[in-house]
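What follows draws every value from the coordinates through simple rules; no lab data is involved. Quick caveat: nothing in here was measured; it's all calculated off a predicted structure. Note that we place each Cβ from the backbone using ideal geometry, even for glycine, and neighbour counts take in every protein chain shown.
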Amino acid sequence: MNVRAAALDGTGKIAIDFGCGDQPYRHLFETRGVTYRGADFGGKVDIAITDEGRVEVEGKTANLVLSFQVLEHVRDLDTYLSEAKRILRPGGTLLLSTHGTWLYHPHPEDHRRWTRQGLINELQSRGWTVDECEAICGPLAWTTLIRLTGYCFALRRVPLIGRTVGALLAVAMNLRAVLEDRITPRSIRDHNACVYLVQARPSAA
């Protein structure tokens, strides 16, 4: 099954968003019949995470464990991925995205980036079978987006017109990034992506 299709095929399922932050994906899943439960260290969440990284919920609770742009911020990968496995029901799915390449962005920490092979190996070595690893945004596109980030940061300081110019520039450069990604050979994008989107399941004992 395609990774994105797996994320949206969720009627009657329970999804735990492991490191949910402000829960930007709640609406996406709830409108498709998924019972969404956000888990994090603090704030208005459905499930608390202890200082040791334990999710305060019984094992085998979720059909889906979601981990979107979280793994690069995790200090202890062993605990995080072990907990994801513990709370997943038999036959359940881990849907995970993380950076191959991007700027340093602590939240509150920022520990690592991956190659495609490295990310797959990290998961496999911790008892996961990776069914799919989809590359999103190749090197031509992500260099454009990194430049855009810098331009917008500088333009915010320009009085009156800075934010407007930044918004127009964002539209133009995002369109450029889309075109650049379309002309990037898949063999290059697959191993040099900005983001990797993974569908995985616990390996058979």
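Listing 132, 122 from the residue with the fewest other Cβ atoms within 10 Å to the one with the most, what is the order?
Result, fewest neighbours first: 132, 122.
Give the whole-number value, in cubic angstrom per residue, of the convex hull volume spanned by the C-alpha atoms of the stretch 140-183.
Cα-based convex hull of the stretch 140-183, divided per residue, equals 35 Å³.
Hey, in the chain, which Cys have no second cysteine's beta-carbon closer than 4.7 Å?
20, 133, 152
Exposure proxy check: 183, 146 ranked by fewest other beta carbons within 10 Å?
Fewest-to-most ranking of 183, 146: 183, 146.
Taking N as the number of residues in the chain, what value does Rg over Cα atoms divided by 2.2 N^0.38 Å take?
Normalised by 2.2 N^0.38 Å, the Cα Rg of the chain equals 1.10.
List the lysines whose alpha-carbon lies under 20 Å from that of residue 60, not counting same-chain residues fewer than 8 positions away?
Straight-distance partners of residue 60: 13, 85.
Provide Rg over Rh for the stretch 118-200; use the alpha carbon set for both Rg and the Kirkwood Rh (inverse mean inverse pair distance).
1.16
Hey, got the dipole for the chain? About the Cα centre, +1 on K and R Cβ, -1 on D and E Cβ, debye to the nearest 20?
Roughly 580 debye, rounded to the nearest 20.
Taking the highest mean first, how do the peptides 104-112, 149-157 order by number of other beta carbon atoms within 10 angstrom per residue?
Ranking the peptides 104-112, 149-157 by packing returns 149-157, 104-112.
Enumerate the amide H contacts of residue 36 below 5 Å, restricted to partners 5 or more residues apart or on another chain; note that Pro and chain-start residues carry no placed amide H.
Those qualifying (amide H under 5 Å, at least 5 residues apart or on another chain) are 15.
Could you state the angle between the C-alpha long axis of helix 162-183 and the longest principal axis of the C-alpha atoms of the chain, as a value from 0 to 90 degrees rounded to the nearest 10?
Between the helix axis and the principal axis of the chain, the angle is about 70 degrees.
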